[in-house]
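Reading through the structure tokens given below for one structure.
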Amino acid sequence: MISVFQQHGQELLTGLGNTILCSVIALFFSLIIGSTFAIFEVLPSKLLRVIGRIYIEVFRNIPLLVIGMFFYVVVPQYVLPMDGFTAGTIGLTLYTSSFIAETVRAGIQAVDSGQMEGARANGLSFMQAMWHIVLPQAFKYVIPPLGNQFINLVKNSSVLAFVAGFDLMYQGDMIASATFDTFNTYIAVGVLYLIITLPLSYYMRYLEKKLA
Amino acid sequence: MPIIEFKKVEKYYGKFHALKNINLQVEKGEVVVVIGPSGSGKSTLIRTINGLEEIEEGQLLVNGYDLADKKTDLNQIRKDVGMVFQHFNLYDNKTVLENIMLAPKLVLKRDEKENKETALKLLESVGVSDKTESYPKQLSGGQKQRVAIARSLAMKPKALLFDEPTSALDPEMIDDVLNVMKEIAKEGMTMVVVTHEMGFAREVADRVVFMDKGEILEDAHADEFFEAPKEERAKQFLSKIIKH
Ligand SMILES: Nc1ncnc2c1ncn2[C@@H]1O[C@H](COP(=O)(O)OP(=O)(O)OP(=O)(O)O)[C@@H](O)[C@H]1O
Ligand SMILES: [Mg+2]
């Protein structure tokens, strides 16, 4: 395993960098998109609730690989050109955002309805009440499940390997097929994933304890 | 002109007829107490006044706005009509001081310094000025309710609605809250109060409204009502509640 690092360190490092970059971008946007659709789902407007529901059900129930492929193959052909990294990251963002939306919606609904009612009666608009009162309280409930989503996101970023996204998994595949040393290569790749996910997992546990 | 006026108001929850032909007027500065058995529609009635519940038919004029009109901006009404709930509904993620300052800041754009001065003055008047930095979960029920009253007052409302403000309190805390309410009434606030506290009703109310099964059965001057309620069901209700 050490020899894989010695001989292919540069490729693995590039892969690790791309995996982290893709994860951070996807995390950022899936949080924003996911929270937005979560709010759609608790809005008084029936139309927006339905739109939120459709978005979540569609992206949650299609395999990530299909979404990634769609952006890698179909979108460049008919809409606009994009490389594998972009296509994979967009796919991962949309897919993850649907899970985050579900998580955040559950968190919002776990907040006592008296909080929203008190705020509305006090003169706040729906969005003001959401932003200042309900979401900060919902956040507490969603920290543990969100942590799981983040870890899944990092692991799922390996979908980039299928769309030439030059991530960790892709580099691993390349090295393995060039050297035939599949055993050591995939062990090395696994270790590198752990380097990202284990600290994340421990940090989440720490947050959970702190907020409890 | 009355500040609150119901004209032939009907309210349904699905098929359930919750308010039936409600006609009611509340003049500026009046204190109206609403009583009636559980499930008679008291909460529903009071919650229509600030638009927490929609009405299906009739007209409901509050401070000049018509709540039956879908185009009416409810926030405009809520600025002027505060509400105090049975379970306080304080913001759990905000301190006492923040609870009081939030709506004036966001809704009225009151400047920080004036906002804080007003809030501190109000907290003093309701007797919780030593708790400004506490969170709601650190307060007793009585303190919570007095903070909730201060929060409503901070908006400088034209009317206040109370839905069983003392029903969730331990007996020894009820008087503290009722005394604050009496003070507010004395200062001329228009108040609609759902309560089982007959002592308070006798002492403070100008009028008593008795409801049963979604209808207003009696609407009388407080003195007359307690002397001799006209309705048989009101009599029974009174005798039951006073015995306990
Ligand atoms: N959101 C709702 N959906 C359906 N029915 C409701 C709803 N809210 C209230 N009701 C029904 O309307 C009737 C009146 O309820 P309301 O809460 O106004 O009574 P109340 O006089 O305040 O009673 P209590 O003294 O127990 O608070 C009850 O039969 C209740 O079951
Ligand atoms: Mg009630």
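The values are calculated or read from the model by the stated rules, or taken from the named source; none is laboratory data. Note that the coordinates shown come from a computational prediction; the quantities given were computed from them, not determined experimentally. Backbone-built Cβ (ideal geometry, glycine too); neighbour counts: all protein chains shown.
Being at pLDDT 95 or above and assigned to a loop (DSSP other than H, G, I, E, B), is that true of even one residue in the range A:1-10? There is no residue in the range A:1-10 that is at pLDDT 95 or above and assigned to a loop (DSSP other than H, G, I, E, B). The residue that is farthest from the other protein chains (Cβ to nearest Cβ), among those in the range B:107-124 that are under 24 Å from the mean Cα position of the chain (by Cα) and surrounded by fewer than 17 Cβ atoms within 10 Å (Cβ to Cβ), is B:124.
The helices (runs of 4 or more DSSP H) falling completely within the range B:22-106 that include 3 or more residues that are over 13 Å from the mean Cα position of the chain (by Cα) map to B:74-80, B:96-106.
Looking at the range B:50-64 only, could you name the residues that are closer than 15 Å to residue B:161 by Cβ and either away from every other protein chain (no Cβ under 14 Å) or touching a strand residue (DSSP E or B) at 6+ places or on another chain (Cβ under 6 Å) (or both)? Once the filter is applied, which keeps residues that are closer than 15 Å to residue B:161 by Cβ and either away from every other protein chain (no Cβ under 14 Å) or touching a strand residue (DSSP E or B) at 6+ places or on another chain (Cβ under 6 Å) (or both), the range B:50-64 yields B:50, B:60, B:62. Here is a check on your reading of the model: is residue A:112 out of contact with any Leu (no Cβ under 7 Å at 6 or more places or on another chain) and facing chain B (nearest Cβ under 9 Å)? So residue A:112 fits the description; yes. Considering only the range B:192-208, state which residues are in a strand (DSSP E or B) and more than 21 Å from residue B:16 (Cβ to Cβ). If the condition is that a residue be in a strand (DSSP E or B) and more than 21 Å from residue B:16 (Cβ to Cβ), then B:192, B:193, B:207, B:208 are the ones that fit.
Of the residues making up the range B:66-80, none is within 16 Å of ligand 1 (Cβ to nearest atom) and of a type outside the set (Phe, Trp, Tyr). Residues that are surrounded by 15 or more Cβ atoms within 10 Å (Cβ to Cβ) and closer than 23 Å to residue B:41 by Cβ do occur in the range B:172-185.
Here are some conditions: (1) assigned to a helix (DSSP H, G or I); (2) more than 16 Å from ligand 2 (Cβ to nearest atom). Residue B:10 meets all but one. Which one does it not meet? In the conditions (1) assigned to a helix (DSSP H, G or I); (2) more than 16 Å from ligand 2 (Cβ to nearest atom), residue B:10 misses (1) alone.
If you go through the range B:195-226 and keep only what is in contact with an Asp or Glu (Cβ under 8 Å, 6 or more places away or on another chain), touching a residue at least 40 places away in the same chain (Cβ under 8 Å) and surrounded by fewer than 18 Cβ atoms within 10 Å (Cβ to Cβ), you end up with B:196, B:206.
In a residue-by-residue description of the range B:78-97, the property of being facing chain A (nearest Cβ under 10 Å), under 28 Å from residue A:139 (Cα atoms) and of a type in the set (Asp, Glu) applies to at least one position.
Filtered by the rule that a residue be without any contact (Cβ under 8 Å) to a residue 40 or more places away in the chain, aliphatic (A, V, I, L, M) and within 30 Å of residue A:115 (Cβ to Cβ), the range A:136-163 gives A:138, A:142. Among residues of the range A:164-190 that are more than 23 Å from residue A:90 (Cα to Cα), those with a Cβ under 8 angstrom from a residue that is modelled with pLDDT of 90 or more and not in a helix (DSSP H, G or I), sequence gap 6+ or separate chain, pair up as A:175/A:181. Among the residues of the range A:179-212, those identified as of a type outside the set (Gly, Ala, Ser) and either more than 22 Å from residue A:12 (Cβ to Cβ) or not in a helix (DSSP H, G or I) (or both) are A:180, A:181, A:202, A:203, A:204, A:205, A:206, A:207, A:208, A:209, A:210, A:211.
The condition (being in contact with a helix residue (DSSP H, G or I) (Cβ under 9 Å, 6 or more places away or on another chain) and under 14 Å from residue B:144 (Cα atoms)) is satisfied by just one residue among B:169, B:160: B:169.
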